[in-house]
Amino acid sequence: MMNLLRIELPPRSYDYGLLILRLAFGLCMIYGHGFGKLTRLFGAEEIRFADPFGLGPAFSLALAAFAEFFCSLLVMMGLFTRAAVIPLIITMTTAFFTAHLHDEFGQQEKVILFGFAFLALFFTGPGRFSLDASLQKNKSVTY
């Protein structure tokens, strides 16, 4: 009798899944959020941005742009992945509790999904198809 709960997957399925997760969430973050914040930061218009920590709107926007653009780029490449997702997790948590706390769930959903996807990558790491894995493989330890 066939067991429907047990599915045999190819050996590298886990790593392909992590690659897809990194690329999809990284690209969506860059394209949907990071690039816009980066262009606003260097644009001619006056910067209006939430300042939850009292650092000033321009600096708060710069921190969000750094996380959403540059850290997402690192996540996509799988380079310094665990370190790169920390600013993204902080940014998503801050966005949830400041900008989206009183929104309907449909508006909160994106920030929740991004936050948990990046949290999952913090715990799993980037997988074999990443620059982190390549660097680790080529790293030789000498004593």
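Residues in the range 105-132 that are modelled with pLDDT of 95 or more and of a type in the set (G, A, S) were compared, and the one that is surrounded by the fewest Cβ atoms within 10 Å (Cβ to Cβ) is A120. Please work out if R48 is in contact with a helix residue (DSSP H, G or I) (Cβ under 9 Å, 6 or more places away or on another chain), more than 29 Å from L135 (Cα to Cα), without any contact (Cβ under 8 Å) to a residue 60 or more places away in the chain and not in a helix (DSSP H, G or I). Spelling it out, R48 is indeed in contact with a helix residue (DSSP H, G or I) (Cβ under 9 Å, 6 or more places away or on another chain), more than 29 Å from L135 (Cα to Cα), without any contact (Cβ under 8 Å) to a residue 60 or more places away in the chain and not in a helix (DSSP H, G or I). Could you give every pair whose Cβ atoms fall below 7 Å, whose first residue belongs to the range 10-34 and is within 23 Å of A62 (Cα to Cα) and in contact (Cβ under 8 Å) with a residue 24 or more places away in the chain, and whose second residue is of a type outside the set (V, I, T) and part of a loop (DSSP other than H, G, I, E, B), counting only separations of at least 6 or pairs across chains? Listed by first residue and then by second, the contacts come to R22/G78; R22/P126.
The values are calculated or read from the model by the stated rules, or taken from the named source; none is laboratory data. The model shown is predicted, which means the values in this text are computed figures rather than measured ones. When we count neighbours, we look across all protein chains shown, and the Cβ atoms used for this are built from the backbone with ideal geometry, even at glycine.
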